[in-house]
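Chemist: Before I ask anything, here is the structure I am working with.
Read-outs throughout are calculated quantities, based only on the coordinates presented, and are distinct from any laboratory measurement. In this text, all values refer to a predicted model and were calculated from it rather than measured experimentally. Ideal geometry is used to build each Cβ from the backbone, glycine not excepted, and the neighbour counts take in all protein chains shown.
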Amino acid sequence: MSTLPDTELGPILLARAREAIAERLREGSPLPADPRLLDPGATFVTLSRDGALRGCIGSVRALRPLGEDVATNAVAAATLDSRFAPVTANELNDIRVEVSLLSEPTFLDFTSEDQLLKQLRPEVDGLMLFAGCRKAVFLPQVWRQLPDTKLFLAALKEKAGLPPNRPCDGLMAATFTVRKWKE
């Protein structure tokens, strides 16, 4: 994870995300690597327009340089989020960018849903849920819409394509925290 202070890192990541989207919409060339962002990092880029979600895609593991990760996820959020039509160049000025830098995930030990729920810290933890080849992720920001731990977990199961009342046996879960910046 980058050693830059948050006061420097946030604006750099936000600018990188916006520049990557703008370059893609203009069909420009890839952005040059920023040497300050060469350490591995995992980000989610969330796009909103008039306060409504417009796209959100990210990485859960730090497998590539932070600068590359945020640029790739920004372009994907703008063009590949299956819930939305691709962002157009005309709406780019109305789009607000949020970048979340994820911590390393911590896998949880649990044998029941109650044990899993007791380990969650609302408004602090994001949650990854795995069931075979199905997976889903909620950033900590989702707690604002789903403040109840049972509803949060049920909605995440649904996002993973599972019944919301499915028992937790056979599932894997990991928590993570984020540092986030928003335009």
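Chemist: With unit charges on the beta carbons (Lys and Arg positive, Asp and Glu negative) and the dipole taken about the Cα centre of the chain, which residue among Leu63, Ile12, Pro147 sits farthest to the positive side?
Modeler: Projecting each Cα onto the dipole axis, the largest value belongs to Pro147.
Chemist: How would you classify the range 83-183 from its alpha-carbon gyration tensor, with a ≥ b ≥ c the square roots of the eigenvalues: rounded for a/c under 1.5, else prolate if a/b is greater than b/c, otherwise oblate? Let's see the in-between values first.
Modeler: Values: a/c = 2.30, a/b = 1.74, b/c = 1.32.
Prolate.
Chemist: Next question, about the same structure. Kindly provide the Kirkwood hydrodynamic radius of the range 6-102 in Å, to one decimal, from all pairs of distinct alpha carbon atoms.
Modeler: Details: mean 1/r = 0.0761 Å⁻¹.
One decimal place: 13.1 Å for the Kirkwood radius.
Chemist: Rounded to a whole number of µm²/s, how large is the Stokes-Einstein D of the chain at 25 °C and 0.890 mPa s, given Rh as the Kirkwood radius over C-alpha pairs? Intermediate results must be reported in sequence, preceding the final value.
Modeler: Details: Rh = 17.1 Å.
For these conditions, the coefficient is 144 µm²/s.
Chemist: Let me ask something additional. What ranking do Met172, Met128 get, fewest neighbouring Cβ atoms within 10 angstrom at the top? Display every interim value, and only then the final one.
Modeler: Values: Met172 15, Met128 22.
With the sparsest Cβ surroundings first, the list reads Met172, Met128.
Chemist: List every residue whose amide H lies under 5 Å from the amide H of Gly55, counting only residues 5 or more places away in sequence or on a different chain, with H placed 1.01 Å from N in the peptide plane.
Modeler: Distant-sequence amide H within range of Gly55: Leu47.
Chemist: Follow-up question, since we're still on this one. Go ahead and estimate [θ] at 222 nm for the chain from helices alone: -39,500 (n - 2.57) per DSSP H run with n ≥ 4, summed, over the residue count, rounded to 500. Let's see the in-between values first.
Modeler: Working: 4 runs with 52 residues, N = 183.
Calculated at 222 nm, the ellipticity per residue is -9000 deg cm²/dmol.
Chemist: Size of the dipole of the chain about the Cα centre, Lys and Arg at +1 and Asp and Glu at -1 on the beta carbon, nothing else charged, in debye to 20?
Modeler: Values: 23 positive and 24 negative charges, 65 e Å.
I would put it at about 320 debye.
Chemist: Report, in whole Å, the centroid distance computed from the Cα atoms of the range 154-177 and the range 72-108.
Modeler: One Cα centre to the other: 23 Å.
Chemist: Test of understanding: ordering Ser82, Ser48, Ser100 by Cβ neighbours within 10 Å, fewest first, what list do you get?
Modeler: Working: Ser82 6, Ser48 17, Ser100 25.
By the 10 Å Cβ count, ascending: Ser82, Ser48, Ser100.
Chemist: Same structure, new question: Hey, could you get me the Stokes-Einstein D for the range 134-183, Kirkwood radius over alpha-carbon pairs, 10 °C and 1.306 mPa s, rounded to whole µm² s⁻¹?
Modeler: Once the numbers are plugged in, D ends up at 133 µm²/s.
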